[in-house]
Every structure is written in C-alpha cells, then in structure tokens.
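Trainee: Before we start, here is the structure in question, set down as structure tokens.
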Amino acid sequence: MTQLILIRHGETPWNRERRMQGHVDTALSDTGRAQAAALASRLAATDFSGLYSSDLARARDTAHAIAELTGHAIVAERRLRERAFGIFEGLTYHEIADRYPEAFARFEARDPDYVVPGGESARAFWARCLGCLGEIGERHAGAAVVVVTHGLVLDAIYRAAHGLPHDQPRPVPLVNASINVFAYSAGTWQMESWGDVGHLDEALVTRYEGRSR
C-alpha cells in the first residue's frame with residue numbers, strides 16, 4: 001500500500017473572508033506562512049519519497065516551505081487544483097446568493113453533475129483529482145508521499161474512502177495546514193488520520209467547515 005500524506009494549503013486572506021477561491025491564484029496570509037513553516041518543521045523528520053503540489057501559489061508556497069527543510073523537489077501538478085467555480089470565484093457566499101440566486105440554488109442542491117457557469121461539476125472534479133492521486137499512489141507503491149493540495153480535494157478523497165455521496169454533508173472540517181493520511185492500493189482508499197494539526201499552536205489553527213474553498 002502507498003501512504004499519501006495529504007495537506008491542505010496554509011491560510012489565505014480569502015479563506016479568512018470566506019471567499020470562493022477555486023482557480024484564482026491567491027497567496028498565503030501571514031498566518032498561512034507561519035502554518036507552512038510549522039508544518040515543514042514537523043515533516044522534516046518524516047521519511048517520504050516524493051513531494052507533490054497543486055500548481056496554485058497557495059499550495060505551491062506551502063510545499064516550498066517543506067521542500068526547503070526536506071530537500072525534496074516539488075512536482076507541480078495542475079490536476080491537484082481546487083475545483084473550478086467559474087462565476088462564483090472571488091465572491092463570498094452571501095454575494096453569490098445575491099448575484100446569482102438561481103445558480104447558487106442549483107449549487108446548494110448538491111447535484112454532482114451541475115456545472116457552475118465557467119466552472120466544473122463535482123463529478124468531473126472528482127475524476128480529475130482522484131485520478132491524479134491514484135496515479136501518484138501507483139507511482140510510489142509501498143512508500144510514503146506528501147501531497148499539498150486544497151480543501152475539496154481532501155473532501156473528494158474523504159468521500160471516496162467512506163463511500164459518502166455528494167448530497168450528504170461531510171461530518172469533519174477542512175483545516176488549513178492539516179495532515180490527512182490515506183492508504184492507497186489498487187484503486188481503494190482507506191483513511192488513517194484526518195485533520196492532524198498537532199504541529200500548530202492553537203492560535204494558528206483555522207477551521208472553516210468547508211465553506212471557504
């Protein structure tokens with residue numbers, strides 16, 4: 001089995017403001033940079049065979065902190081990006097509901113095949129990110145690998161491991177700079193741990209209950 005150590009990027013200002021990020025290339029906040037440094041210090045003692053990251057800056061800069069302490073080169077992978085949210089990107093949930101009430105209602109109905117205008121459906125997103133993670137799992141069979149990515153990528157793998165359908169809420173939060181460990185073998189995912197922030201001081205722990213993507 002391959003052990004995938006999945007990490008949500010550090011906090012961004014848009015996380016704090018509850019703005020939909022999607023493919024917008026937002027940067028880490030001061031808190032996010034401190035989270036990344038603490039995360040890197042913890043992973044410096046971990047033996048792993050590769051370091052992958054979404055190509056968006058908030059994930060890539062989190063991975064860079066890890067690379068500096070571990071000596072691993074970062075493999076940037078576009079397929080590890082957050083789900084694309086099209087016309088919703090850059091807006092808060094209240095702004096989305098006010099400006100695009102019909103599209104927002106369809107989005108909130110949790111239809112996995114609904115495509116936000118200019119974005120992608122949940123089903124297409126799952127195929128993209130889980131396919132990429134599966135390839136990484138096969139490439140590093142029997143080893144551990146670190147992957148720095150985004151909240152809904154973690155949501156997707158959580159659902160895959162637990163058989164949780166899209167129309168049911170996820171019972172656990174998405175936490176910036178958290179460590180989430182999954183085992184992979186022959187297309188099957190098993191969760192080993194979720195939301196580990198033991199490396200962060202309490203003041204650095206940020207939880208958004210899945211509402212800042």
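Trainee: Is it the case, given these coordinates, that residue 138 is part of a helix (DSSP H, G or I) and either of a type in the set (Phe, Trp, Tyr) or over 12 Å from the mean Cα position of the chain (by Cα) (or both)?
Mentor: Spelling it out, residue 138 is indeed part of a helix (DSSP H, G or I) and either of a type in the set (Phe, Trp, Tyr) or over 12 Å from the mean Cα position of the chain (by Cα) (or both).
Trainee: Run residue 161 past the list (1) within 17 Å of the chain's Cα centre (by Cα); (2) under 28 Å from residue 28 (Cα atoms); (3) modelled with pLDDT of 95 or more and report the number of the one that doesn't hold.
Mentor: Among (1) within 17 Å of the chain's Cα centre (by Cα); (2) under 28 Å from residue 28 (Cα atoms); (3) modelled with pLDDT of 95 or more, residue 161 violates only (2).
Trainee: Further, regarding this structure: On the given criteria, is residue 161 surrounded by fewer than 19 Cβ atoms within 10 Å (Cβ to Cβ), assigned to a helix (DSSP H, G or I) and without any contact (Cβ under 8 Å) to a residue 24 or more places away in the chain?
Mentor: Criteria not met by residue 161.
Trainee: Continuing with the same structure: Considering only the range 182-189, I want to know if a residue exists there that is touching a Phe, Trp or Tyr at 6+ places or on another chain (Cβ under 7 Å) and within 30 Å of residue 50 (Cα to Cα).
Mentor: The answer is yes, given that some residue of the range 182-189 is touching a Phe, Trp or Tyr at 6+ places or on another chain (Cβ under 7 Å) and within 30 Å of residue 50 (Cα to Cα).
Trainee: Can you find, within the range 83-106, the residue that is surrounded by the most Cβ atoms within 10 Å (Cβ to Cβ) among those that are of a type in the set (D, E, K, R) and under 24 Å from residue 31 (Cα atoms)?
Mentor: 83
Trainee: Okay, moving on. Any idea how many residues of the range 20-52 are in contact (Cβ under 8 Å) with a residue 40 or more places away in the chain and of a type outside the set (S, T, N, Q)?
Mentor: Residues meeting the conditions: 16.
Trainee: Identify, by number, the condition in (1) closer than 30 Å to residue 165 by Cα; (2) β-branched (Val, Ile, Thr); (3) over 16 Å from the mean Cα position of the chain (by Cα); (4) not in a helix (DSSP H, G or I) that residue 87 doesn't meet.
Mentor: With respect to (1) closer than 30 Å to residue 165 by Cα; (2) β-branched (Val, Ile, Thr); (3) over 16 Å from the mean Cα position of the chain (by Cα); (4) not in a helix (DSSP H, G or I), residue 87 is out only on (4).
Trainee: Any residue in the range 149-158 that is surrounded by fewer than 20 Cβ atoms within 10 Å (Cβ to Cβ), out of contact with any Lys or Arg (no Cβ under 6 Å at 6 or more places or on another chain) and of a type outside the set (Asp, Glu)?
Mentor: Step one: of the range 149-158, the residues surrounded by fewer than 20 Cβ atoms within 10 Å (Cβ to Cβ) are none.
Within the range 149-158 (the criterion being surrounded by fewer than 20 Cβ atoms within 10 Å (Cβ to Cβ), out of contact with any Lys or Arg (no Cβ under 6 Å at 6 or more places or on another chain) and of a type outside the set (Asp, Glu)), the answer is no, since none of the residues qualifies.
The values are calculated or read from the model by the stated rules, or taken from the named source; none is laboratory data. Because the structure is predicted, anything quoted here is derived from the model rather than measured. Reconstructed Cβ throughout: ideal geometry from the backbone, glycine too, with neighbour counts over all protein chains shown.
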